[in-house]
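This report concerns only the one structure given below.
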Amino acid sequence: MSHYKRHLFICTNQREPGEACCGRYDSARLRKQAKALSKELGIAGDDGVRVNSAGCLGRCDEGPIAVVYPDAVWYTYVDEEDLEEIVRAHLQKGRPVERLKI
């Protein structure tokens, strides 16, 4: 059995200027907000969910990128509202957000 029910990885990788990368979309700050929301909702922790930073997830041109495991659902997002929707719908309720899926 997994330690977490779901794990949200948000790419915060920084590349050289001119190269596509998720870090340019303020992903580190947005990850902190998603993590705080998961705690606020009471879904974070053992047997719940975890929100983590990730290095490059290899889909830079589709970024910014996030992925939920073990569901293997890949997302792109624009802002904090999109990530909030991912946390509330997918992490909390188990319903992937179709409009943000890659």
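The values are calculated or read from the model by the stated rules, or taken from the named source; none is laboratory data. Every value quoted in this text rests on a predicted model; they were computed, and no experiment measured them. Ideal geometry is used to build each Cβ from the backbone, glycine not excepted, and the neighbour counts take in all protein chains shown. Ligands, DNA and RNA are excluded from the accessible area calculation, which covers all protein heavy atoms including side chains. Shrake-Rupley method; radii C 1.70, N 1.55, O 1.52, S 1.80 Å.
Which condition number does Ile65 fail, the rest of (1) open to solvent by 40 Å² or more (accessible area, probe 1.4 Å); (2) of a type outside the set (Asp, Glu); (3) within 15 Å of Arg31 (Cβ to Cβ); (4) in contact (Cβ under 8 Å) with a residue 40 or more places away in the chain being met?
(1)
Please note which strands (runs of 3 or more DSSP E) are completely contained in segment 1-88 and include at least 2 residues that are among the aromatic types (Phe, Trp, Tyr).
On the way: elements: 6-11, 49-54, 65-69, 73-76.
Per the criteria, 73-76.
I need the full set of residues from segment 79-102 which are more than 13 Å from Leu8 (Cα to Cα), touching a residue at least 12 places away in the same chain (Cβ under 8 Å) and either among the basic types (Lys, Arg) or out of contact with any helix residue (DSSP H, G or I) (no Cβ under 7 Å at 6 or more places or on another chain) (or both), in order please.
Once the filter is applied, which keeps residues that are more than 13 Å from Leu8 (Cα to Cα), touching a residue at least 12 places away in the same chain (Cβ under 8 Å) and either among the basic types (Lys, Arg) or out of contact with any helix residue (DSSP H, G or I) (no Cβ under 7 Å at 6 or more places or on another chain) (or both), segment 79-102 yields Asp79, Lys101.
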